[in-house]
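A short worksheet on the structure shown next.
The values are calculated or read from the model by the stated rules, or taken from the named source; none is laboratory data. Predicted model only: the values in this text are computed from it and were never measured. No Cβ is skipped: glycine too gets one built from the backbone with ideal geometry, and neighbour counts run over all protein chains shown.
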Amino acid sequence: MDWNDTQEQAAFRDQVQELLDSKLPQRYVDMGKEVHQRERPWENDRKSEDPEARKAAEDWMEALSGEGWAAPHWPKEYGGGGLKPMEQFILNQELAQAGAPTVGGSGVSLLGPALIVHGTDEQKEKYLPPIMSGEVTWAQGFSEPGAGSDLAGLQTRAVRDGDEYVINGQKIWTSAAHLSDCIFALTRTDPDAPKHRGISFLMIDDIKTPGLTIRPIIDMANGHYFNETFFEDVRTPVSNILGEENRGWYVGMTLLDYERSNIAGAVGSRKELMALINYLGTDDGKYRSHIGKRETGMRAELADRYIETEVMFQFSFRVISMHNSGQLPNYEASTSKLYNSELNQRLARTGSQLFGLYGSLSAEREAGDTVPVSFAGDYVQSVPATIRGGTSEIQRNIIATRGLGLPRG
């Protein structure tokens with residue numbers, strides 16, 4: 001590992017910073033100064049009733065797309081950046097440091113790579129340009145009430161009826177479905193096949209298709225990020241299958257060689273901790289917190305959080321260095337996901353303990369507000385982080401078997 005940029009990497013970093021200085025809408029500049037980062041701000045702004053928010057989302061998508069950076073991991077021939085792993089790392093690091101939102105949602109990060117590998121020429125021509133322009137966003141319909149960690153146990157059925165599939169079933173924890181235009185889903189097309197087979201990957205072009213219902217899941221902090229999705233005789237053309245029928249599991253597991261170092265999470269944790277530490281040095285911070293009470297042990301706990309955020313940042317760099325040298329991070333990616341999701345919970349808990357009742361304030365934050373309140377709310381919202389994207393238990397099993405070579409229990 002070399003922590004120093006090469007000349008080429010330094011020039012690319014300057015290019016990214018120049019774009020941020022000249023093209024990042026003021027709305028996102030202000031958001032970037034906030035201690036607590038918002039969930040999917042670009043997708044929320046894109047559907048906002050506020051014309052200024054919609055304009056900011058449109059302008060930022062246009063700025064990134066103009067450089068190919070809306071989808072840095074896509075090949076250039078499809079409008080992406082075709083960036084090397086280290087360039088992707090630098091781009092995501094600078095975006096996270098500035099608090100600039102990523103764009104495109106699951107269409108860019110998930111569906112696009114799968115289409116590029118498995119899609120027909122007609123499907124690529126139909127779906128990739130609207131994703132890249134920000135005209136269309138997609139939701140991911142994978143998890144079900146009885147098939148979360150054991151995703152291959154999904155039961156949502158798709159039965160062929162002439163030139164269409166008829167879909168019936170339920171998905172849960174559908175991120176940002178209420179902000180999306182379309183949805184792709186794993187469905188069971190052969191119930192008699194082994195569970196990893198008999199699954200097909202279907203695309204539904206309109207999330208308002210008759211029979212498709214989105215129901216919000218409101219979390220304990222009164223936030224809305226996840227949804228339940230119900231399919232009742234939902235029809236989609238046979239031409240909307242991605243890959244072969246009954247081979248959708250392998251399509252769904254497709255990942256291109258894009259950056260998985262979790263650098264955005266590492267930068268976010270570091271920014272939040274440093275804002276907290278800086279605030280504790282102010283008269284207001286000393287007054288409102290328990291930092292001066294020796295018996296609380298909060299100084300030692302803050303030191304622990306500092307060490308942990310630095311470990312996370314350096315480990316992210318290790319993962320991307322493996323990518324850059326042609327190695328495939330496997331259990332290392334699980335280690336990164338596990339460590340960062342649990343670190344977020346510890347960081348929010350530390351803030352809650354420091355500020356007591358003051359840390360429970362959940363008033364609307366003004367853009368640019370740097371007072372680290374609402375840690376209790378952040379702690380509640382951090383709980384799903386150790387569940388979504390693979391539970392902590394699953395990540396530990398991957399580390400044990402693939403990383404340490406231990407037998408399966």
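Within the group 11, 71, which residue is over 20 Å from residue 270 (Cβ atoms), exposed (fewer than 15 other Cβ atoms within 10 Å of the Cβ) and of a type outside the set (Phe, Trp, Tyr)? Quick ask: steps written out before the conclusion?
Working: 71 fails: exposed (fewer than 15 other Cβ atoms within 10 Å of the Cβ).
Only one candidate passes the filter, namely 11.
Taking the range 117-175, which residues are surrounded by 21 or more Cβ atoms within 10 Å (Cβ to Cβ), assigned to a loop (DSSP other than H, G, I, E, B) and β-branched (Val, Ile, Thr)?
137, 156, 174
So residue 389 fits all but one of (1) of a type in the set (Gly, Ala, Ser); (2) within 19 Å of residue 268 (Cα to Cα); (3) surrounded by fewer than 17 Cβ atoms within 10 Å (Cβ to Cβ); (4) at pLDDT 90 or above; what number is the exception?
The number of the failed condition is (4).
Taking the criterion of being free of Cβ contacts under 8 Å to residues at least 40 places away in the same chain, on the phi < 0 side of the Ramachandran plot and of a type outside the set (Asp, Glu), would at least one residue in the range 221-228 satisfy it? Spell out how you get there, then give the answer.
Initial filter on the range 221-228 (free of Cβ contacts under 8 Å to residues at least 40 places away in the same chain): none.
Looking through the range 221-228, none of the residues is free of Cβ contacts under 8 Å to residues at least 40 places away in the same chain, on the phi < 0 side of the Ramachandran plot and of a type outside the set (Asp, Glu).
Go through the range 269-302 and count every residue that is at pLDDT 85 or above and over 18 Å from residue 375 (Cα atoms).
Number satisfying all stated conditions: 1.
Just the residues that are crowded, with 20+ Cβ neighbours inside 10 Å and within 30 Å of residue 122 (Cβ to Cβ), please, taken from the range 82-95. Spell out the reasoning first.
Our first condition is that a residue be crowded, with 20+ Cβ neighbours inside 10 Å; within the range 82-95, this holds for 83, 85-95.
Scanning the range 82-95 gives 83, 88.
Hey, could you check the range 326-365 for residues that are polar (S, T, N, Q) and modelled with pLDDT of 85 or more and say which is nearest to residue 220 (Cα to Cα)? Lay out the reasoning, then the answer.
At the first step, the residues of the range 326-365 found to be polar (S, T, N, Q) are 327, 330, 334-336, 340-341, 344-345, 350, 352-353, 360, 362.
From what is left, the residues that are modelled with pLDDT of 85 or more are 334-336, 340-341, 344-345, 350.
Numbers: 334: 27, 335: 28, 336: 26, 340: 21, 341: 18, 344: 17, 345: 15, 350: 19 Å.
Residue satisfying both the conditions and the ranking: 345.
Specify which of the listed residues (101, 145, 113) is over 22 Å from residue 42 (Cβ atoms) and either more than 23 Å from the chain's Cα centre (by Cα) or at pLDDT below 95 (or both).
Working: 101 fails: over 22 Å from residue 42 (Cβ atoms); 113 fails: over 22 Å from residue 42 (Cβ atoms).
Going through 101, 145, 113 in turn, just one is over 22 Å from residue 42 (Cβ atoms) and either more than 23 Å from the chain's Cα centre (by Cα) or at pLDDT below 95 (or both): 145.
In the list 34, 39, which residue meets the criterion of being outside any helix (DSSP H, G or I) and over 23 Å from residue 138 (Cα atoms)?
34
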